[in-house]
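One structure is given below, encoded as structure tokens.
Values quoted throughout were computed directly from the atomic coordinates according to the rules given, and no laboratory measurement underlies them. Note that the structure is predicted; figures quoted are calculated from it, not measured. Methodologically, a virtual Cβ is constructed for each residue, glycine included, from the backbone with ideal geometry; neighbour enumeration extends over all protein chains shown.
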Amino acid sequence: MSKRIAILGATGLVGQNMRNILEERSDDWDLTLFASENSAGKTVAFRGKTLTVRELTEDALKEGAFDYVLSALDGDLAARFCPAAKAAGSTVIDNSSRFRMDPEVPLVVPEINMADAKGGAGIISNPNCSTIQSVVALAPLEEKYGIDRVVFTTFQAVSGSGVKGLSDLKRGVAGEEPEMYPYPIAYNCIPHIDDFLEDGYTKEEMKMIDETRKIFHRPDMKITATAVRVPVKSAHAISVNVTLQKPFALEDIRAALSEAEGVVLQDDPASLVYPMQIYAEGKDEVFVGRIRKDPSAENSLNLWVVADNTRKGAALNAIQILEHLVEARA
């Protein structure tokens, strides 16, 4: 029997990716697409059929009796519609930041903590895109050695800002002024993603810190982060400096990463093999390379981690959660 699935925010960048990935998968989905009033009435092709985008309302969610709801809404809209979908009996997988740090809502990366989803009260949260790819790479190291401290430096693509970010990059290349970013993004790096907090960190940086601790169930993990927007269309790159609790050999680190679910090891600098954003676009995996010891600190090393931010960092992670839930309930 087909599962009744709804995508909220279906015409946005992440919502479109969700639909495309569902179309690629073999499961039998009965799909309904929701978006704002402005997008309602648009038609979309899906597996040989034409789907008409519906206006998102609480009544529509109730009447639809959906088994699962994938939310690609922003935080304010998610706060309104995800509880409404939950109240209608749906299991909701939300991509916004609205519920991530709610202690009653599991924050899930399937390769790491799918078991946490069993404790959800109808809503399961998708982590931040940069957090997802980082923890997938760090998970085998946490399991084998234990992590003491992490320093994240991100190089985040403009697609993380949605279609407006992509538009600003295009405008900048054409010599036009930005419409969304505070400064030109073309030929420039902006060390500013999301709002600044009183302590000088941005919300994006604190998301990576708080979410990593929650996913690993490690509130004691020492973490700091700097998030930077770069003039790349898609896929985020992250420089990760990690201090482990035990000594290690680099060959064992490489072996652990090569065997980890969802990871592709690309670490042969002598042959110029290392992860790059341009080649990660459209891929499901997290790519890891530039693995080397940090001689300035005991038991420390550096990693270069790259993944498609709107795919594994958003839409795919949500659908992997969905597929695990469906399989568990079969």
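When its C-alpha radius of gyration is set against 2.2 N^0.38 Å (N residues), segment 164-216 gives a value of 1.44.
Calculated from the alpha-carbon coordinates, segment 198-258 shows an Rg and a Dmax of 14.6, 42 Å respectively. Just to be sure I understand the model, the point goes 7 Å from the Cα along the line to the Cβ. What's the resulting SER2 to ALA79 distance in nm? Going from the SER2 label point to the ALA79 one covers 3.6 nm. Test of understanding: extend the Cα→C-beta vector of VAL163 to 7 Å, then name every residue of segment 5-21 with backbone N under 19 Å from that spot. Correct set: 7-21. Along segment 130-141 the Karplus relation, 6.51 cos²θ - 1.76 cosθ + 1.60 evaluated at θ = phi - 60°, assigns HN-Hα couplings of 5, 4, 4, 5, 5, 6, 4, 6, 7, 3, x, 6 Hz to successive residues, with x for each Gly and Pro.
Modelled spin labels at GLU58 and GLU327, positioned 7 Å past Cα toward Cβ, are 3.7 nm from each other.
Label sites at LEU250 and LEU272, each approximated as a point 7 angstrom past Cα along Cα to Cβ, lie 2.0 nm apart.
Against the chain, whose longest principal axis is taken from its Cα atoms, helix 13-24 shows a tilt of about 80°. Overall, the ratio between the Cα radius of gyration of segment 83-203 and 2.2 N^0.38 Å, rounded to two decimals, is 1.32. Every pair of different Cα atoms in the chain enters the Kirkwood calculation, which places the hydrodynamic radius at 20.5 Å.
Please report the spacing between the Cα centers of segment 264-328 and segment 132-154 in Å, no decimals. Rounded to whole Å, the Cα centres lie 11 Å apart.
Report the gain in length on full extension from ASP195 to ALA45: 0.36 nm times residue separation, minus Cα-Cα distance, nm rounded to one decimal. Before the final figure, lay out each step's value.
On the way: separation 150, 0.36 × 150 = 54.00 nm, distance 3.69 nm.
Length gained between ASP195 and ALA45: 50.3 nm.
Per residue, the convex hull around the alpha carbon atoms of segment 28-91 comes to 87 Å³.
Which entries of LYS86/LYS203; LYS42/LYS203; LYS144/LYS222; LYS164/LYS207 have Cα-Cα distances beyond 24 Å here? Mind dumping the intermediate values first?
On the way: LYS86/LYS203 27 Å; LYS42/LYS203 34 Å; LYS144/LYS222 18 Å; LYS164/LYS207 22 Å.
Violating the 24 Å Cα-Cα cut-off are LYS86/LYS203; LYS42/LYS203.
Sorting the segments 56-63, 200-207, 169-176 by their mean number of nearby beta carbons within 10 angstrom, highest to lowest, gives 200-207, 56-63, 169-176.
For VAL92, nonlocal amide neighbours, meaning residues 5 or more places apart or on other chains whose placed amide H falls under 5 Å from its own, are VAL69, ILE123, ILE124.
Backbone phi angles across segment 54-69, fed through the Karplus curve with coefficients 6.51, -1.76 and 1.60 (θ = phi - 60°), yield HN-Hα couplings of 9, 6, 7, 9, 4, 5, 5, 5, 5, 5, x, 6, 6, 5, 9, 10 Hz in residue order; Gly and Pro are listed as x.
Peptides 239-247, 308-316 ranked from most to least packed give 308-316, 239-247, packing being the mean of other C-beta atoms within 10 angstrom over each peptide's residues. The protection proxy used here, the mean number of other Cβ atoms lying within 10 Å of each residue, ranks peptides 283-293, 130-140 as follows, highest first: 130-140, 283-293. Computed from the C-beta positions of THR153 and ALA87, the FRET efficiency with R₀ = 41 Å rounds to 0.50.
Run the Debye formula on the Cα coordinates of segment 74-146, all scatterers equal and no solvent, and tell me log10 I(q)/I(0) at q = 0.21, 0.28 1/Å. Scattering profile of segment 74-146, log10 relative to I(0): -0.89, -1.30.
So what's the angle, to the nearest 10 degrees on a 0 to 90 scale, between helix 316-329 and the longest Cα principal axis of the chain? With both axes taken from Cα atoms, the answer is about 70 degrees. The share of alpha-carbon pairs in segment 179-330 lying farther apart than 19 Å comes to 65%.
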